[in-house]
Structures are given as structure tokens and as C-alpha cells.
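Here's the structure we're looking at; comments come further down.
Each reported figure results from applying straightforward, stated rules to the coordinates on display, with no laboratory input. Remember, predicted model here, so these are calculated numbers, not experimental data. Heads up, the Cβs are rebuilt from the backbone with ideal geometry, glycines too, and the neighbour counts pull from every protein chain shown.
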Ligand SMILES: [Zn+2]
């Protein structure tokens, strides 16, 4: 009896050609008459990134979102977050997902950094200046006042006093 619903042999070259023409894995699956998961596996094994499609890669995108959330809340570098969380997702997928969400992960790197009574609690905003003179958003842990200090001040032995409660440690 003939196998119903799936061709005996699938033309994998055609899958790559359709992908080059810009079809999604779902559209290719409909065209060829096989499952989207199969298309995704063929493309992935051939070194083609199918991350944008969701589908078989939605697990990776979910993992990527978890990594992005982790960095937003805890700061740190992407590589460190990936090691710490141990999720099956590539760094490039995390960057792509972050970009889709309008997030520049680099600006969140210092979240959670503490200096005396100050704690970095918001993404760093790049405003033309760079290096020691650029401002870092910080919050006073004593009175919750939100302020900004420069990188230079953040790396000094004693950070500047809180202008609201006077904490200076
Ligand atoms: Zn304060």
C-alpha cells in the first residue's frame, strides 16, 4: 500500500530553492506536501537559519526571550547570560529577538551594578557622549531617588552623595 499524505521521496534541493525565493518553512511544507518540521530540519541541517519563522524554532525564540528578559532585569553580557541560563538558543537568535523588541542589550549590561548607595537600575542611554563623561542612570538604595552619575564618578572610590537624602558611602 502506498504511503498516504507524504511523498515517497522528498526533493530536498527544491526546499532550498524555495527558501532562497523567500518562502517561509510553512509555505514550503504546503508546496512540497510534507510537514513544516521536516522542512525546518532539512534547512537547518543544510546550514540555513530558519529562526525567523517560529514553528519548529519557536522553542528557540522562547528561550531567546527568556535570555532578553534576564539581561533586562539582571544586566550582564549576552555570553554570560547564555552560560548561566543554559538554554538551547544561539547568541544571534537572542540578538535578533531583542532587535525585534526594540531592545539594545548592550545598554542593559550594567543593570544591577552597585556603588555605595547607588545602584544602576535602568538602561544606559547613549547621548552622543561616550567614555568616562557619559551618564549612567542610578537609583539611591536609601531613599529610592533616581539620579545620574558619570562613569568616572561610578569608578571613583566613593561615589557622589545622594542629592535627596545625603547618603554618601
Ligand atoms: Zn538618597
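Tell me, what is the percent relative contact order of region 88-169, built from C-alpha pairs under 8 Å that lie six or more residues apart? Computed over region 88-169, the figure is 21 percent. Based on the Cβ-Cβ distance of residue 66 and residue 9, what FRET efficiency does E = 1/(1 + (r/R0)^6) give at R0 = 41 Å, to the nearest 0.05? E(calc), rounded to 0.05, equals 0.60.
Let me know the shape class of region 58-104, please: from the alpha-carbon gyration tensor, a ≥ b ≥ c as square roots of the eigenvalues, rounded when a/c is under 1.5, otherwise prolate if a/b is greater than b/c, or oblate. Because a/c hits 1.5 or more and a/b fails to exceed b/c, region 58-104 counts as oblate. Rg and Dmax of the chain, based on Cα coordinates, read 23.8, 84 Å. Seen through its C-alpha gyration tensor, with square-root eigenvalues sorted a ≥ b ≥ c, region 29-127 comes out prolate because a/c lies at 1.5 or above while a/b is bigger than b/c. Students often get this wrong: which residues of region 103-118 have the backbone nitrogen under 13 Å from the point 7 angstrom along Cα-to-C-beta of residue 142? Inside the label zone: 116-118. In the elastic network of the chain, a GNM with C-alpha springs shorter than 10 Å, the most mobile of 11, 104, 88 is 11. Using C-alpha pairs below 8 Å separated by at least 6 residues, the relative contact order for the chain is 12 percent. In a Gaussian network model over the chain where Cα atoms closer than 10 Å are linked, find which of 124, 38, 108 has the largest mean-square fluctuation. Taking springs between Cα atoms under 10 Å, the residue moving most is 38. Modelled this way, with points 7 Å down the Cα-to-C-beta line, the labels at residue 79 and residue 150 are 3.0 nm from one another.
Once the chain from residue 125 to residue 58 is taken as fully extended at 0.36 nm per residue, the excess over their C-alpha distance is 21.0 nm. Remark: spin-label model distance residue 107-residue 26 equals 3.1 nm, labels positioned 7 Å along the Cα→Cβ axis.
Computed over the chain with a Gaussian network model linking Cα atoms closer than 10 Å, the most mobile of 71, 111, 32 is 32. Equivalent ellipsoid of region 114-155: semi-axes from √(5λ) of the C-alpha gyration tensor, largest first, are 18, 11, 7 Å.
With contributions of -39500 (n - 2.57) from each DSSP H run of at least four residues, the per-residue ellipticity at 222 nm computed over the chain stands at -11500 deg cm²/dmol.
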